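Let me begin by presenting the structure, written as structure tokens, before commenting on it.
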Amino acid sequence: MRHMVFYEEIDESEVRPAGLLEEYAALSRSEVERLILGGELEDVTCPACGSHKRETAFDRFGLTYRQCRDCLSLYASPRPPESTIYDYYRNSAAELFWHKAMFPATREARLDRIASARATWVCESARELLPNARRFLDIGCHQDGFLREVARTGFFEDIVTVNPLVEVADELPVSVVADRGCVEPLPRADVVSLLESVDRAADVGRLIQGVVNALPAGGLCFVTTTLGSGFDIQALWGDSPIIFPPDRLNLLTVEGWEALASGAGLEIIEFSTPGLFDVEIVRRHREAVRGGLPRFLDYLVGGRDRQVRGEFQQFLQKSRLSSHGRILLRRR
Amino acid sequence: MIRRAQRAGYRNRSDVMMEILRCGVVGYGYMGEIRRAVIERSPRLRLVGICEPNADTRNRVIGCETFETANELLATGLDILFVCVPNALAPDLCIEAMRGDVHVFCEKPPGRTLEDIERIRAAETPAVKLMFGFNHRFHPSVQRAKVIVDSGRLGGIIGVRGVYGKSGGSGFRQSWRNDRTLSGGGILLDQGIHMLDLFRFFCGDFERVKCFTNDSYWNLAVEDNAYVILANDQGQNAFFHSSATLWKHTFQVHVLLEEGYLTVAGLLSRSGSYGRETLTVGKRQFEGETEAVGNPAEELTYFDRDDSWDLEVAEFVRCIDESVPVCISSSQDAWEVMKIIDSAYKDAGRPPENAS
């Protein structure tokens, strides 16, 4: 297994402007109440390891998050079924706000820092590990910039997206096989990407099994995800500002991902946590709330300078302890 | 001859894919053990036997048939012979096997001298595949670096530099590697050849060679240290230090590119003594001259699994299956790198011993 550490200083506000993020959170809260809470909700077991053993962790926007006692993953249960989540992403004001306000305001930074970097990761890894790959399948990515960047590399002959989330522009050089979130069976592909898609999947096991069925032996699956084992989530728990349902119904831990991959017949080629913002998120929470952190964390994020915080963030990356995960899986 | 007839009879790839290739290993030292493990892991290969002339070593081989001489092993009807013997013995074994229509996978270096590899190449025919164990090309950090270089996203290569060294250690003086009649050279030929192979992997050939050596610490018949400077007709330069007096085992390759740089450091190995294998990727950032900090953002990837041994043999098997020429770690690669080493030794005032 390999993992990557990223030495760069980025101001979180470049990709998550505070005012816009708060507005998005407020819209998400009201839209979850309007579109999700009144409908059917289903109790589920741990989406990573399937364990029934769990503890109640906290509530967010009216949904209850549980922590698996076996793999320590966090997940919302009971939760909306897939059809409700699909309708949410097609109709919610929060999603509209993301595309009409948040994304345009951060477009340049997101394309440069996120979309382009992810496309490079996908294409260079595929060129290294599966040089004859021809067909790329994206499932539910949140922004078309990524697909545009993948297309621009020219590595894949055919790019397909299964996606209810983006309004795919006519000029985007990809095929849209369906605009629904779940197409079964998924189209066959050599390489699949799940960019934050697992986080919002109603049925993680079904999604992963669909991907496994779509891939040939040796096929690759690229995942980005928010990890429940990450520093800011562990430190802030129910106060974490980045846990939004339904965007983040599932916050698997490193151990949860290992169990999920193993159970699905997937080999983990890379497991990195190249997050840059964990410490900054905790620091901003400390400033806003003024207290509530354990003594050492309070001192670390509030009493030490930017250099120490940066080095601690790098330690989190090296130790796979950041909440931003990127994972490369290969079908056995 | 029977094996040749069988191979000639194959009409399509699927026939070939069905065949399990019968393998023998000659020489059961460090590399022989590694090759045995690779053979036993591969679903396409079957270990027929191991030849080891040293009785004590031979007696500790368990789980397969053993032979005292290579002729006995070759007489079993092999498809592939893995040659894992001291440099002076490798050429004749390669030649003998290829004359018997047996594919050959030979450890580096390909003999002691340029003349040795030329003799081996003279015995090579299109019917047999010959590959050399330039294993470092298949290490994950190097593979990834090559993908990045070939993608062009960091521009063309300006130059490369490297350090590869070890500390010798107990028993170093007694090692056959330091017996010039057996090895043909010192640390440059033993370890430095990997670095030169990587330089060629990234840049292609180098036409001009300068070298300094010294042997002042170990006082053996071969060099302790070699400092090699290279230039090619593409305007690229390269420099490396190959050492048997690096008390901290070190492996580093720096690739300087127009738009950034790559650093391969550490090497996954059985002992782990070269440290964790990493690849650093940096992208050039130009600031104003007065505020230039020269400290761009970097990506550092840690590699924790070494598939290099299996990958290189899988590539060799692919060439056999598909009946295509070996083009990675080929005899051409071996010859080109031995030309550089020959020039380096001559430049340093250490002409090679007569191979005959």
(request) List the extent of the Cα atoms of region A:12-331 along each of their three principal axes, largest first, rounded to whole Å. (result) 54, 45, 39
(request) Tell me what chain A gives for mean residue ellipticity at 222 nm when only DSSP H runs of n ≥ 4 count, each as -39,500 (n - 2.57), the sum divided by the residue total, rounded to 500 deg cm²/dmol. (result) -11000 deg cm²/dmol
(request) Assign unit charges at the C-beta atoms only (+1 for Lys and Arg, -1 for Asp and Glu), then state the dipole size of chain B relative to its Cα centre in Debye, rounded to the nearest 20. (result) 500 debye
(request) List, largest first, the extents of the alpha carbons of the protein assembly as shown along their principal axes, each in whole Å. (result) 88, 64, 49
(request) Using only Cα atoms, tell me the angle between helix B:30-41 and the longest principal axis of chain B; keep it within 0 to 90° and round to the nearest 10. (result) 70 degrees
(request) Would you please give the FRET efficiency between B:THR76 and B:GLN285, computed as 1/(1 + (r/R0)^6) with r the Cβ-Cβ distance and R0 = 56 Å, to the nearest 0.05? (result) 0.40
(request) Per residue of A:118-127, count partner chain C-beta atoms within 10 Å of its C-beta, then hand back the mean as an integer. (result) 3
(request) Could you sort out which of B:LYS108/B:LYS129; B:LYS129/B:LYS346; B:LYS129/B:LYS210 sit more than 23 Å apart by Cα distance in this structure? (result) B:LYS129/B:LYS346; B:LYS129/B:LYS210
(request) Report, for chain A, the % of DSSP beta bridges that are antiparallel, rounded to 5. (result) 60 percent
(request) Set the Förster distance to 30 Å, then compute FRET efficiency between A:ASP158 and B:GLU19 from the Cβ-Cβ distance, nearest 0.05. (result) 0.30
(message) I need the phi-derived Karplus couplings for region A:191-200: 6.51 cos²θ - 1.76 cosθ + 1.60, θ = phi - 60°, integer Hz, Gly and Pro marked x.
(response) 9, 10, 10, 10, 8, 6, 6, 5, 4, 10
(message) Please give the Cα centre distance for region B:84-136 versus region A:15-47, rounded to the nearest Å.
(response) 66 Å
(request) Mind giving me the FRET efficiency for A:ASN213 and A:ILE10? R0 is 30 Å, r the Cβ-Cβ distance, nearest 0.05 is fine. (result) 0.20
(request) Would you mind giving the mean number of other chain beta-carbons within 10 Å of the Cβ of each residue in B:296-304, as a whole number? (result) 6
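Tell me, B:LEU89, A:LEU236, B:LEU130 in order of fewest to most beta-carbon neighbours within 10 Å?
The fewest-first ordering by Cβ neighbours comes to B:LEU89, A:LEU236, B:LEU130.
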(request) Just name one of A:TYR86, A:LEU96, A:ALA117: the one whose Cα is farthest towards the positive end of the charge dipole of region A:74-120 (beta-carbon charges, Lys/Arg +1, Asp/Glu -1). (result) A:ALA117
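Please sort by residue number the GluC sites (Glu not before Pro) in region A:17-95 whose DSSP state is loop and whose Cβ has at most 13 other Cβ atoms within 10 Å.
A:GLU40
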(request) May I ask you to give the average projected area over all directions of the convex hull of the Cα atoms of region B:110-210, in nm² rounded to one decimal? (result) 9.1 nm²
(request) Return the long-range amide H neighbours of B:GLU65 (sequence gap of 5 or more, or a different chain), with a cut-off of under 5 Å between placed amide H atoms. (result) B:ILE50
(message) Using only Cα atoms and rounding to the nearest 10 degrees, what angle (0 to 90) does helix B:308-322 make with the longest principal axis of chain B?
(response) 60 degrees
(request) Go ahead and estimate [θ] at 222 nm for chain B from helices alone: -39,500 (n - 2.57) per DSSP H run with n ≥ 4, summed, over the residue count, rounded to 500. (result) -9000 deg cm²/dmol
(request) Could you tell me which trypsin sites (Lys or Arg not before Pro) in region A:66-150 are loop residues by DSSP with no more than 11 other beta carbons within 10 angstrom of their beta carbon? (result) none
(message) With 10 angstrom as the radius, rank B:LYS146, B:LYS210 by how many other C-beta atoms surround their C-beta, starting from the fewest.
(response) B:LYS210, B:LYS146
(request) Using amide H atoms built 1.01 Å from N in the peptide plane, name the residues 5+ places from A:THR64, or on other chains, whose amide H lies under 5 Å from its own. (result) A:SER77
(message) Antiparallel versus total DSSP beta bridges in the protein assembly as shown: what percent is that, nearest 5?
(response) 60 percent
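Since every read-out is calculated from the coordinates, none of them should be taken as a lab result. For clarity, every value in this text was computed on a predicted model and none was experimentally measured. Cβ atoms come from the backbone with ideal geometry, glycine included; neighbour counts cover every protein chain shown.
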